[in-house]
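Below is one structure; the comments refer to it alone.
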């Protein structure tokens, strides 16, 4: 089949592309690719944009995954392949190919490569003096060699990850905390002598949705964080987590930052919050527009209060009263997100109008629920006229209330540490009426809106 790319790719390329598509399907959607609908491709486009900062149109995704049939098979450009690899936690396409290069060759290759023609041979009986046991011995020796090679390869793949519980490999950060935003943070990978490793197999996930990057031992790498909050940077070796390091951009009170999903290269701080009676906060359309946002398209506003609090993220109650955006250009589901930054991990939940359940998701430390593979209809609610979300966590047991009605209960295992801030996101223009944090270990209440300040 001819190739629709102009790059002269070989069938090997499609072998790796097929593997990549299958891994994306396992991560993104439990349904077989053949059953994906237009909604699935639209959702995948949004997820890829959010996590890799690369916009891939639904039609391009359909061509890649074989939904749109053409006379020639489509092979995506390098930037697109890098984004697909980044989504399944590889630094780039070359790293993905390198990991799978030792796998069994694709059937298409085996069919196309023919053995060279052999000259005619005349049969002759075997020479005497070579008993059958000699051949069995050679076969057994060959089998032992193969087993030893497999063992050594697997040891090389997993040995470093197995050793690191003793903390031998570190991700070092020179300036992980501060109250200035934006902030350039410098990382360095430290590997002590005596550890066998492949320098090309380390990668770093910065925790802010930007692409994963390779990092070599001893190398300095600077990353640019644009929005206040707490980020959980992850060091990996051959896709296996080795070390984590938090980066913390504090605030003096509440801040507002807008962004557009179609422009992932920039964010737009909003200089002035509207402080309403009783401490409610919002932003107006004019201020959003003056920040640089095209308010005629889809945009989001993050309200963030990132300051450390002496409250356990495993034993607290957070009450948020808010009003989501009415229907406007780019807003149909009237989304409201609530995030609690923990010392070691975070909790978050998304509430949307009924009918938008496919896009609802929530996460509490190591527990994750996604509307594409889990029934998340409990978190559907119309808050355009106002409403209350209450998140209660007692000893890692989670209960969510919407308008004082219990809607979801679950639990998680990983301790989150203390609370390091709270964030509320709206699609379009939203309003926060109350944010109150309660320490369930001593019943102390902390009204977070009491410290509201304009930027």
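Since every read-out is calculated from the coordinates, none of them should be taken as a lab result. A quick note: this is a predicted structure, and the numbers were derived from the prediction, not measured. Note that we place each Cβ from the backbone using ideal geometry, even for glycine, and neighbour counts take in every protein chain shown.
Overview of values
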quantity: Gain in span if fully extended, residue 263 to residue 180, counting 0.36 nm per residue against the direct Cα distance; calculated: 27.6 nm
quantity: Equivalent ellipsoid semi-axes - Cα gyration tensor, the stretch 240-365, angstrom; calculated: 26, 19, 17
quantity: Reciprocal mean inverse distance between Cα atoms of the stretch 328-400 - Kirkwood radius, Å; calculated: 13.0 Å
quantity: Residue exposure sequence - 446, 204 - by fewest surrounding Cβ within 10 Å; calculated: 446, 204
quantity: Three principal axis lengths of the stretch 170-249 [C-alpha, angstrom, descending]; calculated: 39, 21, 15
quantity: Relative frequency of Cα-Cα separations exceeding 15 Å in the stretch 356-397, percent; calculated: 52 percent
quantity: Cα-projected label distance for residue 397 with residue 46, points at 7 Å along beta-carbon direction, nm; calculated: 3.4 nm
quantity: Global size of the stretch 292-334 as Cα Rg and Dmax, reported in angstrom; calculated: 15.6, 41
quantity: Globularity index of the stretch 237-313, i.e. its alpha-carbon radius of gyration over 2.2 N^0.38 Å; calculated: 1.44
quantity: Highest to lowest packing among 191-197, 341-347, 14-20, scored as the average C-beta count within 10 Å; calculated: 341-347, 14-20, 191-197
quantity: Chain lengthening between residue 272 and residue 53 when straightened (0.36 nm per residue, less Cα-Cα); calculated: 76.1 nm
quantity: Alpha-carbon spread of the stretch 255-451, three principal axes, descending order, Å; calculated: 44, 38, 32
